[in-house]
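One structure below.
The values are calculated or read from the model by the stated rules, or taken from the named source; none is laboratory data. None of these values were measured; they are calculated from a predicted model. Cβ sites come from the backbone with ideal geometry, for glycine too, and all protein chains shown count toward neighbours.
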Amino acid sequence: MEERGGRSPEAGDGRPAAKFCYRHPDRETGISCTRCERPVCPECMVPASVGFQCPECVRTGSGTGHGPGANRPRTIAGGAVTADPRLVTKVLIGVNVAVFIAVLAVGNRLLDRLLLFGQAVTEPYGPLEGVAEGQWYRLLTSMFLHQEIWHIAMNMLGLWFLGPPLEAALGRVRFLALYLLSGLGGGAVTYLLAAPQQASLGASGAIFGLFGATAVLMRRLRYDMRPILILLAINLVFTFTWKNIAWEAHVGGLVTGLVFSYALVHTPRWEHLPDSGRRRLALVQYGTGALLLAVIAVLLVVRTLQLT
């Protein structure tokens with residue numbers, strides 16, 4: 001079906017023919033939509049930052065190669081901009097504190113069920129337990145587990161310091177994925193390298209992943225990296241000099257956070273890409289997360305085969 005309106009043929013005297021509003025073919029106009037270039041009359045004009053747009057382009061977000069949601073504010077990693085960029089951080093702190101209080105109330109019975117260790121008995125003449133015995137959930141539960149007040153205080157201080165800027169820059173979903181992947185990566189390296197009966201707990205692996213992501217983000221934004229590098233160096237010194245610190249979790253979380261955050265932020269500017277480009281970048285981000293999960297699974301399988 002042929003559409004009425006739009007450009008008319010040139011006038012017979014060679015002058016450009018008059019343009020008529022595509023929605024009101026009887027109204028002559030000299031203004032065109034800055035997106036689709038269709039002529040629009042004063043009634044149909046929608047003021048934009050540059051020129052005017054037609055109602056359809058405003059409603060659908062078309063005319064730039066983007067879909068309807070393309071004009072929503074996006075973070076540097078493509079996540080949605082939210083009113084509260086601390087929500088996930090506060091929820092994670094709340095979960096850690098809730099588990100800490102539960103352990104204080106219940107005691108070792110709960111602690112033994114949530115700790116990360118490869119293979120051991122938790123009570124005299126009890127059955128073998130641990131990740132090697134199929135209790136893979138310990139990789140997750142140990143990330144939220146703390147026994148000493150100084151331990152949870154230091155980790156939650158780090159989470160509150162590093163979390164909100166990263167959550168604002170990455171978006172909630174990507175930030176949560178970074179936190180969980182870093183914690184799982186730290187747990188997997190601990191399971192692989194530590195003695196099977198050696199128990200570990202704490203959010204340090206995830207926190208070190210946030211350290212790595214902060215360094216990557218600051219480099220991407222060309223900020224002064226010296227403060228975060230100095231802070232990271234100090235924490236690494238403590239990691240390898242203090243007793244009773246699971247250095248494997250710190251290193252595993254740091255490497256995981258570095259790799260995943262690099263895939264998240266080292267991409268072309270999100271807002272300049274058409275829908276197809278955005279989908280490809282999202283696939284790169286999701287694919288990197290899936291690849292890291294696959295590597296973690298391989299480490300778990302290899303170590304389990306060694307212990308069983």
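Here are some notes:
- When Cys57 is tested against (1) in a helix (DSSP H, G or I); (2) closer than 30 Å to Leu162 by Cβ; (3) modelled with pLDDT of 70 or more, only condition (2) is not met.
- Where Val97 falls short, out of the listed (1) crowded, with 16+ Cβ neighbours inside 10 Å; (2) in contact (Cβ under 8 Å) with a residue 24 or more places away in the chain; (3) part of a helix (DSSP H, G or I): (1)
- Of all residues in segment 199-235, those satisfying the criterion of being under 20 Å from Ala168 (Cβ atoms), charged (D, E, K, R) and either outside the structural domain of Ala169 (by TED's automatic domain parsing) or surrounded by fewer than 17 Cβ atoms within 10 Å (Cβ to Cβ) (or both) are Arg219, Arg222, Asp224.
- Leu115 passes every criterion in (1) over 23 Å from Gly257 (Cα atoms); (2) in contact (Cβ under 8 Å) with a residue 40 or more places away in the chain apart from (1).
- Qualifying residue in segment 189-198 (condition: of a type in the set (Val, Ile, Thr), part of a helix (DSSP H, G or I) and under 22 Å from Leu299 (Cα atoms)): yes
- Single residue of segment 144-177 satisfying the filter (of a type in the set (Phe, Trp, Tyr) and in contact (Cβ under 8 Å) with a residue 60 or more places away in the chain) that is farthest from Val265 (Cα to Cα): Trp160
- Here Arg109 clears all of (1) part of a helix (DSSP H, G or I); (2) within 20 Å of Ala203 (Cβ to Cβ) except the condition numbered (2).
- Only a single item in (1) touching a Leu at 6+ places or on another chain (Cβ under 7 Å); (2) surrounded by 18 or more Cβ atoms within 10 Å (Cβ to Cβ) is not met by Pro196, and it is number (2).
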